[in-house]
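Have a look at the structure below, then the notes.
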Amino acid sequence: MFPASLLDSTNIAFFVKEGKEGMRAGCIANQSSEVVGLSNVFGPANDRSVADAAIQCTECFGAGRPIVGYETHEDARPFVDQGFEKTGNLRVLLIDQNMQDERVSASQ
């Protein structure tokens, strides 16, 4: 499911909680020199212990770095309850690969 480059990276950690039927909950932590990102949190709906465990795992992995992440609407509530602050909307910028290739060709 994930490329080897992610699985082999020492800056990325995958955390899961297994149950009788397989993976029950989990998250991904991704550290940089300044922060550790918390993403892909999953688990049973309305189970605040999932957010608590994700935060604890990320804190340990991040070695004191501030934790950042993004969630939407009600998914953010358990994190806000733990002290996270909402700072704004997430923007994802995509680059059109064809336009990028044209710019590179034009500059050569």
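The values are calculated or read from the model by the stated rules, or taken from the named source; none is laboratory data. Keep in mind it's a predicted model, so treat the numbers as computed, not measured. Note that each Cβ is placed from the backbone with ideal geometry, even for glycine, and that neighbours are counted across all protein chains shown.
At pLDDT 90 or above, surrounded by 13 or more Cβ atoms within 10 Å (Cβ to Cβ), in contact with an Asp or Glu (Cβ under 7 Å, 6 or more places away or on another chain) and under 23 Å from residue 2 (Cβ atoms) - does that describe any residue in segment 53-66? Yes, that holds for at least one residue. Pairing residues of segment 65-88 that are farther than 18 Å from residue 45 by Cβ with residues that are assigned to a helix (DSSP H, G or I), at Cβ distances under 8 Å and at least 6 apart in sequence or on separate chains, gives 67/55; 67/58; 67/59; 69/79; 84/76; 86/76; 86/80. For segment 78-92, does any single residue satisfy the condition of being under 20 Å from residue 17 (Cα atoms) and part of a helix (DSSP H, G or I)? The answer is yes, given that some residue of segment 78-92 is under 20 Å from residue 17 (Cα atoms) and part of a helix (DSSP H, G or I).
Restricting attention to segment 1-52, the residues that are surrounded by 12 or more Cβ atoms within 10 Å (Cβ to Cβ), under 16 Å from the mean Cα position of the chain (by Cα) and part of a helix (DSSP H, G or I) total 4.
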